[in-house]
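To keep things clear, I will list the structure first and then write my remarks on it.
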């Protein structure tokens, strides 16, 4: 039952984070006011996540089934340090991928424009796009190193 509660809470969080985009998709909201709503929504979400770290909730560990022989194999509980380590690994991967996406979004159109004007500049232009992708690889490497230490 606790796992279903966790799935329900995660689904509710996703729906509430996407709620400001519905009026924008229907054309009832301008981009400026939608941007304010999204920033306010993400700020509230970050505050709730911070409260979740500061005031840890218990009771989400899997409950052993009645008559289970090996209770230790059913437990998914770990230490707080392990949980924060996994959170750090997820953040390093996610934020580096976000940074790589922003870098590629800025570099790729410029590279395409440079190549369309002069075909010989392809090698020089593609290097800047690849450097942006390297950020994501570095973040993935850091998260692998973090998980190996847990």
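Scanning segment 109-148 for residues that are in contact with a helix residue (DSSP H, G or I) (Cβ under 7 Å, 6 or more places away or on another chain) and touching a residue at least 24 places away in the same chain (Cβ under 8 Å) gives 129, 132, 133, 135, 136, 138, 139, 140, 142, 143, 146, 147. Taking the conditions exactly as written (at pLDDT below 70 and either within 24 Å of residue 87 (Cβ to Cβ) or in a helix (DSSP H, G or I) (or both)), does residue 61 satisfy them or not? Yes; evaluated as a whole, the condition is true for this residue. In segment 107-118, the count of residues that are modelled with pLDDT under 80 and in a loop (DSSP other than H, G, I, E, B) is zero.
The values are calculated or read from the model by the stated rules, or taken from the named source; none is laboratory data. This one's a predicted model, so the numbers in the text were calculated from it and none came from an experiment. Positions of Cβ are backbone-derived with ideal geometry, glycine not excepted, and every protein chain shown enters the neighbour counts.
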